[in-house]
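Enquirer: Let me begin by handing over the structure; questions about it come next.
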Amino acid sequence: METARLIDMHVHMVGNGGGGSGGWLRLTGWHRWLAGFMLRQLGFPSSALEGNLESIYAEKLLQIVRDSSMDAVVLLAHERVHDPDGTPRDDLGSMFVPNDVVLGLAQKFPEFLAGVSIHPARPDALGELERCLEQGAVLMKCLPNCQNIDPSERRYRPFWERMAAAGLPLLAHTGGEHTVPVVNPAYADPKLLRFPLECGVTVIAAHCATKSGAFDPDYFDDWVSMLGEFPNLYGDISALVALNRCGHLRDCLRDDIEPRILHGSDFPVPVLGHRMWLQGWIDRATFRRCQGISNSLERDWQFKRALGFSDEIATRLGKLLRL
Ligand SMILES: [Zn+2]
């Protein structure tokens with residue numbers, strides 16, 4: 001029997017449109033500092049921000065995947081902010097990674113799977129969904145609170161039903177966010193995902209609805225109680241090996257929760273296991289071994305394995321994604 005592939009289902013594509021993709025990156029203040037920090041820890045010069053970032057980033061990332069335990073990663077596009085009437089709001093938001101960027105990379109490299117991103121209020125949303133399905137999208141990612149999407153709006157029913165019929169899962173950001181500007185904090189609530197779930201969509205709540213900043217609401221318990229109600233609901237533990245988000249990471253090992261956990265890193269978000277060690281979840285030697293791994297995809301994976309997660313969090317994606 002062929003062994004199941006290990007898949008990291010939450011890896012961001014980053015670009016600035018330098019290669020003519022139509023994407024853009026606009027960073028100010030804290031977000032500019034954070035982007036520079038993330039690029040430097042990956043070994044890029046900060047000047048990469050001014051060059052053809054798409055191609056520099058994709059090439060480096062491909063190497064990182066090949067040097068890790070992962071067989072493939074879902075590479076995520078990033079939709080623009082839109083008003084509820086479908087008008088793009090390029091004055092809000094900090095980046096745009098068009099679907100064609102990830103669809104093209106996925107066609108070229110088996111290590112990359114295309115995670116597209118479509119605001120369902122766009123006038124051409126259904127057409128774009130169809131186009132992405134034809135070109136091999138494996139999931140659809142959105143950040144309701146950052147892209148201004150209320151997933152519970154009844155007029156999105158045809159969009160969710162088409163995703164359900166096509167077997168395309170929805171990866172939706174839940175909980176607070178500090179890497180990308182938040183437009184509507186109320187849309188961080190996983191309960192708004194009840195509607196796509198009722199429409200039959202497989203929904204993956206990114207970060208299991210945990211809080212990001214100290215003053216964010218924590219929706220973890222709401223997400224857990226929804227698991228009992230919806231067999232088509234999952235959660236990813238991306239960005240949970242971090243100083244701010246790791247509070248519920250060990251809870252995700254519980255027998256009632258673990259079968260619904262999926263592996264994602266949230267690359268290029270930094271992987272910092274210090275709090276796991278300080279709280280006594282792992283010993284000092286394990287902490288030092290994992291934190292010392294320079295490949296951050298691998299570092300994230302090794303911290304999760306050390307905490308007790310099995311390969312299944314990465315292999316069960318083989319059955320959920322539209323492969
Ligand atoms: Zn993310």
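The values are calculated or read from the model by the stated rules, or taken from the named source; none is laboratory data. Bear in mind that the values here come from a model prediction, so they are computed numbers and not experimental data. Methodologically, a virtual Cβ is constructed for each residue, glycine included, from the backbone with ideal geometry; neighbour enumeration extends over all protein chains shown. Side chains included, ligands, DNA and RNA excluded: accessible areas come from the protein's heavy atoms. Shrake-Rupley method; radii C 1.70, N 1.55, O 1.52, S 1.80 Å.
Enquirer: Look at Asp216 and say whether it is at pLDDT below 95 and of a type in the set (D, E, K, R).
Expert: Criteria met by Asp216.
Enquirer: A follow-up question, please. What are the pairs, 6+ residues apart or on separate chains, where a residue within segment 279-299 that is more than 20 Å from Gly247 (Cβ to Cβ) has its Cβ under 6 Å from a residue that is among the basic types (Lys, Arg) and open to solvent by less than 30 Å² (accessible area, probe 1.4 Å)?
Expert: Ile293/Arg299
Enquirer: Next up: For Met140, work out the one condition from (1) free of Cβ contacts under 8 Å to residues at least 40 places away in the same chain; (2) surrounded by fewer than 23 Cβ atoms within 10 Å (Cβ to Cβ) it doesn't fulfil.
Expert: (2)
Enquirer: Residue under question is Gly15, and the condition is that it be open to solvent by 20 Å² or more (accessible area, probe 1.4 Å), under 15 Å from Phe267 (Cβ atoms), at pLDDT below 90 and not in a helix (DSSP H, G or I); does it hold?
Expert: no
Enquirer: Scan segment 130-152 residue by residue and report those that are assigned to a loop (DSSP other than H, G, I, E, B) and under 26 Å from Thr179 (Cα atoms).
Expert: Matches in segment 130-152: Ala137, Val138, Leu143, Asn148, Ile149, Asp150, Pro151, Ser152.
Enquirer: Taking only segment 145-172 into account, find how many residues are touching a Cys at 6+ places or on another chain (Cβ under 7 Å) and of a type outside the set (A, V, I, L, M, F, W, C).
Expert: Within segment 145-172, residues that are touching a Cys at 6+ places or on another chain (Cβ under 7 Å) and of a type outside the set (A, V, I, L, M, F, W, C) number 2.
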